[in-house]
Amino acid sequence: MAETRPPIPDPIKRAVRQRCGFGCVVCGDFPYEYHHMTPYAEDPQHLEENITLLCTRHHTEATGAVPMLPDKMVREANDDPANLHAGITAPTLLHYSSEPITIVMGNTTVKGHPGRECWALGVDGNGLLGFRFEDDRYLLSLSLFDQNNRLLLRIDDNELTHRSDAYDVERTGNSLIVRQRRGHILLHLEFTPPTQVKVVSGRLWWNGASILFNRRGMVVREPGTGSVTIMEGTFIAPCGVHVYDGDDDFGAIMRIKAKRFPYPGDGRDFDAVRASLDDLFDTGGRGAGVDSVRTDSQVRPRRPRLS
Ligand SMILES: [Zn+2]
């Protein structure tokens with residue numbers, strides 16, 4: 001048999017990811033693989049409706065000489081993917097630990113003090129990107145909102161989840177790309193555990209303030225006024241950029257009071273919006289048969305505010 005199987009085209013892969021809720025249709029997990037339900041050998045073409053997502057374990061089970069995961073069950077899961085059922089992806093644990101951490105945002109590098117929490121980016125005193133330090137471990141935190149304060153993706157103490165109705169979240173190896181629409185990247189992250197997380201490019205929002213990063217620099221846009229601050233050049237800072245409304249000295253490189261501008265958002269505060277992914281957990285959003293969900297999110301301490 002000729003070994004000329006072409007790769008699955010990117011638009012088909014995206015359509016499959018969207019339809020399958022960005023995770024294994026059986027359990028929701030990442031990493032996942034693209035699985036042809038009718039084997040490619042029997043029907044050598046990449047038809048979107050014949051391709052589904054299975055995690056490594058379930059893919060192995062489905063493709064054994066005697067499949068431990070029967071095709072019938074794969075097709076049933078494909079019709080009702082675990083993540084779409086839940087509204088949220090199964091969590092992925094990131095392996096940051098005790099080594100000193102570095103946060104790279106565009107061409108800005110933020111190095112944490114050993115053993116201290118490090119918030120690289122905050123708006124109105126709320127941490128958008130940083131590390132907590134607890135029990136001798138660094139715990140990564142990230143909140144990715146859209147311009148309407150809708151939480152799209154969250155990393156909470158090293159646990160990554162995102163809405164399963166996202167336009168596209170493409171994850172390969174250590175890279176994660178969130179797209180809001182075709183050709184429009186909202187965030188491009190690279191994880192290098194245990195020490196580094198990098199925002200290759202992207203735009204982080206809160207309360208109408210946005211901070212745009214790319215390899216040339218950083219642009220902070222104040223809400224309401226359209227005024228911008230542009231920072232270029234690489235610098236090393238013991239703490240990051242804080243766009244906030246407090247008067248306390250947080251060692252900030254720049255200060256913007258987002259809340260002094262009328263904000264057309266929904267008026268909910270940061271914690272309430274950030275809890276919106278928790279709501280999906282608390283209502284039992286994760287489907288039956290998923291045993292990797294943490295259930296202690298309600299009893300964990302609230303995320304400390306920066307101010
Ligand atoms: Zn699975």
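The values are calculated or read from the model by the stated rules, or taken from the named source; none is laboratory data. These numbers were taken from a predicted model, which means no experiment stands behind them. All Cβ positions, glycine included, derive from the backbone under ideal geometry; neighbour counts span all protein chains shown.
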Task: Meets criteria (more than 13 Å from the ligand (Cβ to nearest atom), aliphatic (A, V, I, L, M), modelled with pLDDT under 95 and surrounded by 14 or more Cβ atoms within 10 Å (Cβ to Cβ)) for Ala86 - done: yes
Residues of the stretch 13-28 being within 16 Å of the ligand (Cβ to nearest atom) and touching a strand residue (DSSP E or B) at 6+ places or on another chain (Cβ under 7 Å), in sequence order, are Val16, Arg17, Cys20, Phe22, Gly23, Cys24, Val25, Val26, Cys27
A careful count of residues in the stretch 143-194 that are surrounded by fewer than 16 Cβ atoms within 10 Å (Cβ to Cβ) and in contact with an Asp or Glu (Cβ under 6 Å, 6 or more places away or on another chain) gives 3
When Pro31 is run through (1) in contact with a strand residue (DSSP E or B) (Cβ under 8 Å, 6 or more places away or on another chain); (2) away from the ligand (no atom under 13 Å from the Cβ); (3) of a type outside the set (Lys, Arg), the failure sits at (2)
- Task: For the stretch 65-76, state whether one or more residues are within 25 Å of Tyr167 (Cα to Cα) and within 26 Å of the chain's Cα centre (by Cα).
- Result: no
Residue count, the stretch 116-142, condition part of a loop (DSSP other than H, G, I, E, B) and buried (at least 20 other Cβ atoms within 10 Å of the Cβ), comes to 1
Those residues of the stretch 72-116 which are of a type in the set (Lys, Arg) and in the same structural domain as Arg19 (by TED's automatic domain parsing) amount to Lys72, Arg75
Just one listed residue, out of Asp71, Asp80, Asp10, is more than 16 Å from the ligand (Cβ to nearest atom) and surrounded by fewer than 21 Cβ atoms within 10 Å (Cβ to Cβ), and it is Asp10
Those residues of the stretch 156-174 which are touching a residue at least 24 places away in the same chain (Cβ under 8 Å) and over 19 Å from Cys24 (Cβ atoms) amount to Asp156, Asp157, Asn158, Tyr167
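From the list Thr38, Thr56, exactly one residue is loosely packed, with under 15 Cβ neighbours inside 10 Å, touching a residue at least 12 places away in the same chain (Cβ under 8 Å) and away from the ligand (no atom under 16 Å from the Cβ). Which is it?
One residue alone meets the criteria, Thr38.
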